[in-house]
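Enquirer: One structure follows; several queries about it will come next.
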Amino acid sequence: MRRTTVLKRAGRQNARARRLRGILPAALAGVALAVVLAGCVAETTPTPSPVASVSETTAPSTPTSSSAPAAAFVPGGTAAQNKPFFDAVNEQVVAAAGNGADGPAFITALRSGGFPVEAMEVTPDITTVGVKADSIQFSVHAADACLIGQWSNLSGYTSIVAAPLSTGKCLIGQTRAIDF
């Protein structure tokens with residue numbers, strides 16, 4: 001009798017061990033899948049971006065009695081102080097020229113606004129294969145940082161304030177002579 005009780009107990013333990021052996025790999029696979037999927041979940045908190053969105057910089061502003069005063073050029077001012085004026089000037093170029101906006105239009109408007117031409121850079125409007133560039137970049141080296149604008153027929157106008165490069169310039173790559 002003792003032997004049958006021992007065998008029954010052993011049988012139950014073997015059955016439990018078999019169930020656990022089946023459950024354990026499935027549980028581990030579930031945990032591994034959860035870890036992998038956790039890496040695919042989008043961030044729930046937005047991260048700040050140094051680049052202004054198209055809607056922020058191209059939305060027309062209509063003055064009202066309670067609106068802030070118009071942006072003004074601050075001679076010798078910081079990039080942050082002059083960014084509202086930089087954006088206002090460039091948005092006027094976009095409004096006037098639309099998809100026809102080019103490097104000379106932006107540079108001419110910035111120069112007319114008071115920015116020194118010797119502090120400016122602009123990328124070519126025409127690519128090396130002779131077609132119109134998808135986007136152009138232009139910059140003004142302010143007292144402490146660079147004001148960098150970009151115009152694209154596809155994404156509109158954006159701008160940022162960024163530290164100058166180690167070369168002292170604001171733009172990476174080939175720029176064109178400002179001889180207009």
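Enquirer: Could you pull out the residue among LEU147, LEU154 that is surrounded by fewer than 16 Cβ atoms within 10 Å (Cβ to Cβ) and under 20 Å from the mean Cα position of the chain (by Cα)?
Expert: After ruling out the rest, the residue left standing is LEU154.
Enquirer: So, one more: Can you run down the residue pairs with Cβ atoms below 7 Å, 6 or more apart or on separate chains, where the first is in the range 72-101 and more than 21 Å from ASP144 (Cα to Cα) and the partner is open to solvent by less than 50 Å² (accessible area, probe 1.4 Å) and in a helix (DSSP H, G or I)?
Expert: Going by the 7 Å Cβ cut-off, the qualifying pairs are GLU91/THR57; GLN92/ALA109; VAL93/ALA105; VAL93/PHE106; VAL93/ALA109; ALA97/ALA105; ALA101/VAL93; ALA101/VAL94.
Enquirer: Could you check, for the range 134-149, whether at least one of its residues is farther than 29 Å from PRO69 by Cα and in contact (Cβ under 8 Å) with a residue 60 or more places away in the chain?
Expert: No: zero hits.
Enquirer: So, one more: For THR78, state whether it is among the β-branched types (Val, Ile, Thr) and within 21 Å of PHE180 (Cβ to Cβ).
Expert: It is false that THR78 is among the β-branched types (Val, Ile, Thr) and within 21 Å of PHE180 (Cβ to Cβ).
Enquirer: Within the range 121-138, does at least one residue satisfy the condition of being surrounded by 15 or more Cβ atoms within 10 Å (Cβ to Cβ), closer than 17 Å to GLY77 by Cβ and touching a strand residue (DSSP E or B) at 6+ places or on another chain (Cβ under 6 Å)?
Expert: No, every residue in the range 121-138 fails to be surrounded by 15 or more Cβ atoms within 10 Å (Cβ to Cβ), closer than 17 Å to GLY77 by Cβ and touching a strand residue (DSSP E or B) at 6+ places or on another chain (Cβ under 6 Å).
Enquirer: Examine the range 88-95 for a residue that is out of contact with any Pro (no Cβ under 7 Å at 6 or more places or on another chain) and closer than 25 Å to GLY168 by Cβ, and state whether such a residue exists.
Expert: Taking every residue of the range 88-95 in turn, at least one turns out to be out of contact with any Pro (no Cβ under 7 Å at 6 or more places or on another chain) and closer than 25 Å to GLY168 by Cβ.
The values are calculated or read from the model by the stated rules, or taken from the named source; none is laboratory data. A quick note: this is a predicted structure, and the numbers were derived from the prediction, not measured. Cβ sites come from the backbone with ideal geometry, for glycine too, and all protein chains shown count toward neighbours. SASA here: full protein model, heavy atoms, side chains in, ligands and nucleic acids out. Shrake-Rupley method; radii C 1.70, N 1.55, O 1.52, S 1.80 Å.
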